[in-house]
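Written below as structure tokens is the structure these notes are about.
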Amino acid sequence: MASNQTCQSDAKFTIPSTDLEQPSTLELETKEFDYSKRSQWLRAAVLGANDGLVSTASLMMGVGAVKQDIKAMILTGFAGLVAGACSMAIGEFVSVYSQLDIEVAQMKRENQTENGGGTEELGEKENLPNPLQAAAASALSFSVGALVPLLAASFIREYKVRVGMIVGTVSLALVVFGWLGALLGKAPVLRSAMRVLVGGLFAMAVTFGLTKLIGSSGL
């Protein structure tokens, strides 16, 4: 009788230990899965926002180098927003769709080789890249980034103040987007933010300087 009671008590203690281990394993798997799914739209969103900031601000600075009219700068920035958002969306859609075709083809080959069926392919469809999601995220983030210099310049008539406002606002936005992308992507925050800031300022300075040089030469 004593031995039976000992076995029963041992069984009671071993069952909770397995129940406690299973949720922790599921939680780790869920965290890893969420992080891998987040990387696709995060990459498109961060790159789109940075491109929107830098390209639109550079266009506005380039036009502003030879023409101080606020209307010309705003129209240039708006055209850059529309063209850039469409270009980013189409490029991202084509790129991700090509990646999707490659992964689906590889998945079919693996299924035919291993078990000759398509059940695993259906089970892993949610892990495949989404071209429409990537294109929409890229276009939206580009538009959000491009709106920053547009809004900064829309209500300032004085040319020098307008240019200074564009540079200051875009610099702040570049730091914020660089910091956010590094934070979510688990990269060095300060180094990433500074790299994005220096690159954006360099692009604006080169565009302004070359446009000013060509405009002053009378070409």
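Please treat every number below as a calculation from the coordinates, not as lab data. Source: prediction; values computed, not measured. Note that each Cβ is placed from the backbone with ideal geometry, even for glycine, and that neighbours are counted across all protein chains shown.
Applying a 10 Å radius around every beta-carbon, put 188-195, 53-60, 162-169, 148-155 in order of their mean neighbour count, most first. Mind showing how you got there, number by number?
Numbers: 188-195: 14.5, 53-60: 26.8, 162-169: 17.9, 148-155: 19.4.
In decreasing order of mean packing, 188-195, 53-60, 162-169, 148-155 become 53-60, 148-155, 162-169, 188-195.
As I understand it, the dipole of the range 42-216 uses +1 on the Cβ of Lys and Arg and -1 on the Cβ of Asp and Glu, about the Cα centre. Which of C86, A65, L128 lies farthest toward its positive end? Positive-end residue among those listed: A65. If the chain linking A203 and D101 were pulled fully straight, counting 0.36 nm for each residue of separation and taking away their Cα-Cα distance, it would gain 33.2 nm. Here L75 and Q133 are evaluated by their C-beta separation; at R0 = 30 Å the FRET efficiency comes out at 0.45.
Only lysine pairs 8 or more places apart, or on different chains, with alpha-carbon atoms under 29 angstrom apart are counted in the range 42-216, and they number 7. Across the range 42-216, Cα pairs under 8 Å and at least six residues apart give a relative contact order of 38 percent.
Counting beta carbons within 10 Å around each of S171, S98 and listing the fewest first gives the order S98, S171. Compute the FRET efficiency between Q112 and L183 as 1/(1 + (r/R0)^6), taking r as their Cβ-Cβ distance and R0 = 41 Å, and round to the nearest 0.05. Efficiency at R0 = 41 Å is approximately 0.45. Amide H contacts for G185 (H built 1.01 Å from N in the peptide plane; partners 5 or more residues away or on another chain; cut-off under 5 Å): none found.
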